[in-house]
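Remarks on the structure that follows.
Computed from the coordinates by the stated procedures, all read-outs in this text should not be read as laboratory data. Bear in mind the structure is a predicted one, so any value in this text is a computation, not a measurement. Here the Cβ is made from the backbone with ideal geometry for all residues, glycine too, and neighbour counts use every protein chain on show.
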Amino acid sequence: MTVADERRSDAAGVDGGAPVAIICGGGSLPFAVVEAALRRGRKVVLFALRGSADAQRVAGHPHHWVRLGQLGRFVRLARAAGCRDVVMIGSLVRPRLVQLWPDYGAILLMPRLVGLFKGGDDRLLSGVAAIMAERGFKLIGAHELAPEIAMPFGALGRGEPNARDRADIERGLALLRATGPFDVGQAVVVADGRVLAIEAAGGTDAMLAHLSELRDRGRIRSRAGVGVLIKAPKPGQDRRIDLPSIGPQTVEGVARAGLAGIAIVAGSAVVAEPDRLAQAADGARVFVVGIGGDEPAE
């Protein structure tokens with residue numbers, strides 16, 4: 001039995017009759033959600049973001065291509081398709097305001113959008129969710145529609161963190177709790193008690209690539225196999241959007257950076273291709289573990 005099979009359960013709290021609109025960014029996660037919805041007999045309509053979504057995989061499903069800022073087009077097409085639930089999933093490079101393609105529906109909201117762009121990602125995405133709700137759509141989390149993509153407690157694969165790794169995990173979680181109110185990244189790397197990196201605008205993959213470069217240049221002295229990538233949602237974060245995620249590519253980045261493994265908050269994070277990820281982790285001899293502790297202790 002696969003990891004996904006063990007964790008598959010009925011999705012709750014979503015409208016089972018109407019098709020769901022999936023605003024589709026990059027990566028494999030959107031299609032894991034699509035496949036999960038289809039297995040449950042749920043129709044989907046993809047709203048694929050130009051420049052981000054995988055065109056070849058999008059083509060196999062009912063879809064419309066949209067540009068960032070085409071709010072009026074989305075609302076019109078989603079209503080015509082009978083969509084009421086909306087999922088936002090997939091990687092996306094945050095655009096500058098001048099890179100939007102606003103249609104008339106977005107132009108009417110431009111003063112509000114300008115204000116949203118003045119904050120961090122959580123502020124921006126929560127604002128977009130509110131705009132969707134005002135237009136009659138219910139934004140749901142990808143993990144609500146596809147529970148099997150939620151990170152479980154415990155290890156994926158054979159590896160387990162040791163006592164030193166667990167101390168690094170606790171330190172990383174404490175740091176993420178402290179930085180959360182500033183709406184910065186959702187990831188940090190800690191090695192033997194030393195903070196090596198904090199995720200910023202470049203994202204997790206870029207952070208790991210930079211660590212690999214630093215190690216090659218001799219700027220990181222800890223031996224290979226020491227250090228943990230810790231990922232957790234920001235305290236108070238809207239769990240319907242922008243949850244921390246990992247996939248096989250994350251494992252590859254961790255291995256190249258010479259780290260011991262990955263710890264990510266179970267139930268509040270999503271996993272692309274969990275079975276392939278577990279195989280990659282075992283092959284690279286790194287651990288991947290779902291942990292608790294995404295909220296500050298009382």
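Quick notes on this one:
- Here each label is just a point 7 Å from Cα along the line to Cβ, and for F182 and D238 those points are 2.4 nm apart.
- Helical contribution to [θ] at 222 nm, DSSP H n ≥ 4, -39,500 (n - 2.57), averaged over the chain, rounded to 500: -10500 deg cm²/dmol
- Globularity ratio of the chain, using Cα Rg and 2.2 N^0.38 Å: 1.01
- Added length on full extension, which subtracts the Cα-Cα distance from 0.36 nm per residue, L38 to A167: 42.3 nm
- Two-site FRET efficiency, Y104 against A18, from Cβ-Cβ distance with R₀ of 22 Å, rounded to 0.05: 0.30
- Label separation (A133 vs R76): 2.7 nm, computed from points 7 Å beyond Cα along the C-beta direction.
- Structural descriptor for the chain: relative contact order 19 percent, calculated from alpha carbon pairs under 8 angstrom and at least 6 residues apart.
- Convex hull of Cα atoms in the range 150-291, direction-averaged projection (nm²): 7.5 nm²
- A crude spin-label estimate for the pair A224 and R276, with each label 7 Å from Cα along the Cβ direction, gives 2.5 nm.
- Beta bridges per DSSP, both residues in the range 150-291: antiparallel share near 50 percent.
- Options V195, V270, A255, ranked by Cα towards positive dipole end of the range 150-291, top entry (Cβ charges): V195
- Electrostatic dipole magnitude of the chain [Cβ: Lys, Arg +1; Asp, Glu -1; Cα centre; debye, to 20]: 740 debye
- Those residues of the range 276-291 whose amide nitrogen sits under 20 Å from the label point placed on R158, 7 Å along Cα→Cβ: 276-290
- For the chain, share of DSSP beta bridges that run antiparallel, in % to the nearest 5: 30 percent
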